[in-house]
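Engineer: For reference, the structure I am asking about is given below.
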Amino acid sequence: MTFVQARQADPSAPVADAAAAEDFRRFPEGFLWGSATSAYQIEGAANEDGRSASIWDTFCGTPGKVHRGDTGAVAADHYHRWREDVALMRDMGLNAYRFSIAWPRVQPTGRGPAVERGLDFYRRLVDDLLEAGITPLATLYHWDLPQDLEDIGGWPRRDTAQRFADYALLTGRALGDRVSHWTTLNEPWCSAFLGYASGVHAPGRTDAGDALRAAHHLNLAHGLGAAALRDVLPRTARLSVALNLHQVRALTGEPEDLEAARRIDAVGNRIFLGPMLRGAYDPDLLQDTAHLVDWDDLVRPGDLEAAAAPIDELGINYYTPAVVSAGGGVRDDAHGGGDHSPWPGAEDVAFHQPPGELTAMRWSIDATGLRDLIDRVHQDHPDLPVVITENGMACEDYRSPEGEVNDTDRIAYLHQHLGAVHQAIEAGVPVSGYFAWSLLDNFEWAYGYAKRFGLVYVDFPSQCRTPKASAHWYARAIRRNGIDRLP
Ligand code: IFM
């Protein structure tokens, strides 16, 4: 069924009668109904138009790092099929699209002048989005550090933050006339701790001290990058950062389990929230990790003021809560497992899978986690609007002989999580939008192509796109600017 057919079959988009109105959850006017992607996960064209290798190209080329040796070299071939993808978004009725810019396309060695051919791809994409009435949100960094910068130290090296600020300036200058919403970093927790502590992500290093150094330099990069963007963007531009905040729950109310939850909250959430939003690291975090890094040496005068450059909204990426207790020996499988912990200073915390339904990533499904996270951020920062920059689930999707993908579990997931967002809005939290992860099935990092998160099914050998049932469901929610009350 095409989106047009779906629209014809559903002429009753406005709510018809009082009972139906009672059951309807309307979102505020101007709410951003979006979906999100990232460059390395969809673009492909790894060697075109001057793009150089990123740490993910190298990691994928290292035997044993990525499922079946998959790579993002072709991915969903979005670099060549972006017109078709924008048309899919337009047909779905999206009014916003969050994508990331590949640093190695714009500045192949991570320094020096911008490559115009690389920027041109994003200029064309953004122009097409604007023409389709879709607001573009550009993320500057979604994990694809130019390999040249890793070769001289990567994120544990202080200068990488300055390199990022230069890249932000070049990119802001080039696209600031067209892109009004900018996000500095996506999920710096993953860059620092999966990249440098557990090593399940590129560059695959396993040194807890380096991971903490990386976290600090990502905080600094965010702040310097935001300041650079402010210098070149119109005053109306909106700046944010997208954090994968962990909704941490202690397994029991016992003091040792509460202590485990505190430690995970410190190194999972407050390590970024503190510097970015308050210009400070919390003393308990510094204490938990003092044996791993010399914070006095790492944090130079002015760093924390720089990291706290003002932003206009906070992006929250949420998938599943984290249930923890005291006692080691239980690996954090929700974050890729691995023999090295991604939680410096909290290595002896055990992770538990709550009972109930799981996604294909084996992540538990719990929309109350999203509601709780939004509330927590709002309580701590009442004046800061939030935007849900990622949320979605991986399913065992397949295309039926009739050519349909009937992902009813994903529909239920989206419905529940949008319900949580609506509750937060009703309670007075300014939530400006929701971005379903992801527009397309794509390269799911160490899982390669084995996990499908898309609203649109991609048959990778043919690159044929098929909107799933969830895409039709989402399109209807967008047309109605709301959802039915949850059953
Ligand atoms: O695919 C990733 C994305 O790149 C970052 N956030 C989580 C998604 C699902 O794992």
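The values are calculated or read from the model by the stated rules, or taken from the named source; none is laboratory data. Everything quoted here is computed from the prediction, not taken from an experiment. FYI the Cβ positions are ideal-geometry reconstructions off the backbone, even for glycines, and counts take in every protein chain you see.
Engineer: Restricted to the range 340-383, and to residues that are of a type in the set (Phe, Trp, Tyr) and either touching a Pro at 6+ places or on another chain (Cβ under 6 Å) or part of a loop (DSSP other than H, G, I, E, B) (or both), which residue is nearest to Val421 (Cα to Cα)?
Structural biologist: So, considering only residues that are of a type in the set (Phe, Trp, Tyr) and either touching a Pro at 6+ places or on another chain (Cβ under 6 Å) or part of a loop (DSSP other than H, G, I, E, B) (or both), the one nearest to Val421 (Cα to Cα) is Trp363.
Engineer: If you go through the range 370-383 one residue at a time, do you hit one that is within 16 Å of the ligand (Cβ to nearest atom) and touching a residue at least 60 places away in the same chain (Cβ under 8 Å)? Break it down into steps so the answer makes sense when it comes.
Structural biologist: First, the residues of the range 370-383 that are within 16 Å of the ligand (Cβ to nearest atom): 370, 373.
Those left that are additionally touching a residue at least 60 places away in the same chain (Cβ under 8 Å): 370, 373.
Yes, because at least one residue in the range 370-383 is within 16 Å of the ligand (Cβ to nearest atom) and touching a residue at least 60 places away in the same chain (Cβ under 8 Å).
Engineer: On to the next question. Starting from residues that are more than 15 Å from Ala168 (Cβ to Cβ) and among the aromatic types (Phe, Trp, Tyr), keep the ones in the range 86-130 and report whichever is surrounded by the fewest Cβ atoms within 10 Å (Cβ to Cβ).
Structural biologist: Phe121
Engineer: Counting just the residues of the range 238-262 that are more than 30 Å from Gly327 (Cβ to Cβ) and touching an Asp or Glu at 6+ places or on another chain (Cβ under 8 Å), which one comes out surrounded by the fewest Cβ atoms within 10 Å (Cβ to Cβ)?
Structural biologist: Looking at residues that are more than 30 Å from Gly327 (Cβ to Cβ) and touching an Asp or Glu at 6+ places or on another chain (Cβ under 8 Å), I get Arg238.
Engineer: So for the range 476-487 (the condition being acidic (Asp, Glu) and within 16 Å of the ligand (Cβ to nearest atom)), does at least one residue qualify?
Structural biologist: no
Engineer: Another question, then. Kindly indicate whether any position in the range 433-450 is part of a loop (DSSP other than H, G, I, E, B), buried (at least 20 other Cβ atoms within 10 Å of the Cβ) and either more than 16 Å from the chain's Cα centre (by Cα) or more than 16 Å from the ligand (Cβ to nearest atom) (or both). It would help to see each step written out before you state the result.
Structural biologist: Start the filter on the range 433-450 by keeping residues that are part of a loop (DSSP other than H, G, I, E, B), which leaves 438-439, 441-444, 448-450.
Filter once more, keeping what is buried (at least 20 other Cβ atoms within 10 Å of the Cβ): 438-439, 441-444.
So of that shortlist, the ones also either more than 16 Å from the chain's Cα centre (by Cα) or more than 16 Å from the ligand (Cβ to nearest atom) (or both) come out as none.
No, that holds for no residue.
Engineer: Under 9 Å by Cβ, and 6 or more places apart or on different chains, what pairs join a residue from the range 48-62 that is without any contact (Cβ under 8 Å) to a residue 40 or more places away in the chain and closer than 19 Å to Phe164 by Cβ with one that is basic (Lys, Arg) and surrounded by 19 or more Cβ atoms within 10 Å (Cβ to Cβ)?
Structural biologist: Nothing qualifies.
Engineer: I'd like to verify a number: residues in the range 43-72 that are of a type in the set (Val, Ile, Thr), under 21 Å from the mean Cα position of the chain (by Cα) and assigned to a loop (DSSP other than H, G, I, E, B), how many?
Structural biologist: Residues that pass the stated criteria total 2.
Engineer: Now, a different point. Let me spell it out: the conditions are (1) touching a residue at least 60 places away in the same chain (Cβ under 8 Å); (2) under 30 Å from His352 (Cα atoms), and Ser191 meets all of them except one. Which number is the exception?
Structural biologist: Answer for Ser191: the failing condition is (1).
Yes or no, residue by residue, for (1) within 16 Å of the ligand (Cβ to nearest atom); (2) in a helix (DSSP H, G or I); (3) among the acidic types (Asp, Glu):
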| residue | (1), (2), (3) |
| --- | --- |
| Asp127 | no, yes, yes |
| Gly133 | no, no, no |
| Pro136 | no, no, no |
| Asp166 | no, yes, yes |
| Thr171 | no, yes, no |
| Arg178 | no, no, no |
| Trp182 | no, no, no |
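Engineer: Here are some residues: Gly329, Gly337. Which one is farther than 30 Å from Val431 by Cα, within 16 Å of the ligand (Cβ to nearest atom) and either assigned to a loop (DSSP other than H, G, I, E, B) or at pLDDT below 95 (or both)?
Structural biologist: Going through Gly329, Gly337 in turn, just one is farther than 30 Å from Val431 by Cα, within 16 Å of the ligand (Cβ to nearest atom) and either assigned to a loop (DSSP other than H, G, I, E, B) or at pLDDT below 95 (or both): Gly337.
Engineer: Can you tell me which residue within the range 457-475, out of those that are more than 15 Å from the ligand (Cβ to nearest atom) and among the hydrophobic types (A, V, I, L, M, F, W, C), is farthest from Phe27 (Cα to Cα)?
Structural biologist: This residue is Phe460.
Engineer: Then there is this: Assess whether Gly118 counts as being modelled with pLDDT of 95 or more, more than 17 Å from Tyr40 (Cα to Cα) and away from the ligand (no atom under 16 Å from the Cβ).
Structural biologist: no
Engineer: Check every one of the helices (runs of 4 or more DSSP H) wholly within the range 190-303 and list those with 3 or more residues that are over 26 Å from Ala334 (Cα atoms).
Structural biologist: Hits in the range 190-303: 208-232, 295-298.
Engineer: In this structure, is Leu149 over 30 Å from Ala208 (Cβ atoms), more than 16 Å from the ligand (Cβ to nearest atom) and not in a strand (DSSP E or B)?
Structural biologist: Values: over 30 Å from Ala208 (Cβ atoms): no; more than 16 Å from the ligand (Cβ to nearest atom): yes; not in a strand (DSSP E or B): yes.
No.
Engineer: A further question follows. Of the residues in the range 131-149, how many are closer than 20 Å to Gly30 by Cβ and touching a strand residue (DSSP E or B) at 6+ places or on another chain (Cβ under 7 Å)?
Structural biologist: The total comes to 5.
Engineer: Filter the range 384-421 for residues that are out of contact with any Asp or Glu (no Cβ under 6 Å at 6 or more places or on another chain), in a loop (DSSP other than H, G, I, E, B) and within 15 Å of the ligand (Cβ to nearest atom) and give the result.
Structural biologist: Passing the criteria: Gly392, Met393, Ala394.
Engineer: Can you name the condition, by its number, that Leu384 falls short on among (1) surrounded by fewer than 18 Cβ atoms within 10 Å (Cβ to Cβ); (2) among the aliphatic types (A, V, I, L, M); (3) within 18 Å of Phe27 (Cα to Cα)?
Structural biologist: Here Leu384 meets the rest and fails (3).
Engineer: In addition: In the range 221-241, what residues are under 12 Å from Arg173 (Cα atoms) and without any contact (Cβ under 8 Å) to a residue 60 or more places away in the chain?
Structural biologist: The one that is under 12 Å from Arg173 (Cα atoms) and without any contact (Cβ under 8 Å) to a residue 60 or more places away in the chain: Pro234.
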